[in-house]
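Rule-based calculations on the coordinates, nothing more; no lab input. Just so it is clear, the structure is predicted and the values come from calculations on it, not from any experiment. Positions of Cβ are generated from backbone atoms using ideal geometry, with glycine treated the same way; all protein chains shown enter the neighbour counts.
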Amino acid sequence: MKIKYLGTGAYEGIPALFCDCDICRNAKKLGGKELRTRQQCLINDELLMDFGPDTLIHSHMYKIDWTKIHNILITHTHSDHFYVKDYEQLNNFYSHQENKRVNIYGGSSLIDILNNNFSHPKAKEEHRLIGVWKEVHQGEEFDFDGYHVMAIKANHPEKTTPYIYAIKKDNKSILYANDTAMLCDESFEYIKQFGHFDLVSIDCTGANLNERWVSHHMTLLDVLEFINILTKNGNIDETTIKVITHISHNSKTTHYELEQACEKHNIIAAYDGLEIKL
């Protein structure tokens, strides 16, 4: 299994629009790993995680082959994770690819947005929205194209119907866990049932703050607790690759500083373009 981190930033990215904070100035000066577009991943060049406003630039930067992508898992419906206006580009006028099939999976708010934007009778035909719009629920397991997936309720604003996903293919498993704060016991129990993970990708919007946020995200302190729970539950061990992502400039931490902090805990601080093969 291959995981490509197309973007690793929070809603505002780094550097953020209109911002003149130390972190954003540092990113402008140094570039490279200090720059972050909005969070998005691609698994095996074929399974897309989220569909945010930076999808087009990611497509250009990483030369994405859209003929391979038939399934998209949406974590929640904040605009940096699902940008419906670009989803309209499946329209024949914008995209010339015959028999394009895109299945999209997510919570009830995703289905509501899709229905609200493509509600008239010919909308699916005109936009070539061929495929499934599947609403997922807590603990639900489903399969497509060789993947086995479990949806797990996240700790994020309820109106966005947030989920994280456990994903298995070819005897390799990953836990894709953003955006979320610490999970409830029920969600950890579903994760426990899924089994061992070869990689866990964890929200760390607050990065290296020496405190816990009260918002619906995590800092490195929360991540360490999250990892400890997964370890106690038998989901991860010393062979599991641990990655943090979805980093905000509000964490007041540069990528270099975050890497230094993570090295002590055998954690990888993700950056745009990071590719991991299992």
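At-a-glance table
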| item | result |
| --- | --- |
| Two-site FRET efficiency, Asn233 against Lys85, from Cβ-Cβ distance with R₀ of 45 Å, rounded to 0.05 | 0.65 |
| Across Lys28/Lys168; Lys63/Lys252; Lys4/Lys153; Lys33/Lys100; Lys2/Lys100; Lys68/Lys134, pairs whose alpha-carbon gap is larger than 27 Å | Lys28/Lys168; Lys63/Lys252; Lys33/Lys100 |
| Dipole magnitude (debye, nearest 20) for the chain, charges at Cβ of Lys, Arg, Asp, Glu | 480 |
| Among Gly52, Gly13, Gly234: highest mean-square fluctuation, GNM of the chain, C-alpha pairs under 10 Å | Gly234 |
| In nm, spacing of pseudo-spin labels at Gln260 and Asn210 (7 Å Cα→C-beta vector) | 1.3 |
| Only Lys, Arg (+1) and Asp, Glu (-1) charged, at Cβ; segment 107-252 dipole about Cα centre in debye | 300 |
| All-pairs Cα distance distribution in segment 222-262, expressed in whole percent, bin size 10 Å | 24, 47, 25, 4 |
| FRET efficiency for Thr67 and Glu225, using Cβ-Cβ distance with R0 set to 45 Å, rounded to 0.05 | 0.60 |
| Size of electric dipole in segment 192-278: Cβ of Lys, Arg +1 and of Asp, Glu -1, about Cα centre, debye, nearest 20 | 200 |
| Inter-probe distance in nm under a simple model that places probes 7 Å from Cα toward Cβ, at Glu275 and Glu189 | 4.2 |
| Lys172/Asn117 FRET efficiency (R0 45 Å; Cβ-Cβ; nearest 0.05) | 0.80 |
| Proximal charge balance of Met1 [Cβ under 10 Å; K/R count +1, D/E count -1] | +3 |
| Given 11 as the ceiling on other Cβ atoms within 10 Å, longest exposed-site-free region of the chain for trypsin sites (Lys or Arg not before Pro) in DSSP loops | 123-263 |
| Once exposed loop GluC sites (Glu not before Pro) are cut out (DSSP; at most 13 other Cβ, 10 Å), longest piece of the chain | 99-210 |
| Projected-area mean, the chain, by convex hull of Cα positions, square nanometres | 14.2 |
| Exposed chymotrypsin sites (Phe, Trp or Tyr not before Pro) absent - longest run of the chain, DSSP non-H/G/I/E/B, at most 10 other C-beta within 10 Å | 94-278 |
| Farthest positive-ward along segment 1-144 dipole, Cα basis, beta-carbon charges - from Leu47, Ile57, Tyr105 | Ile57 |
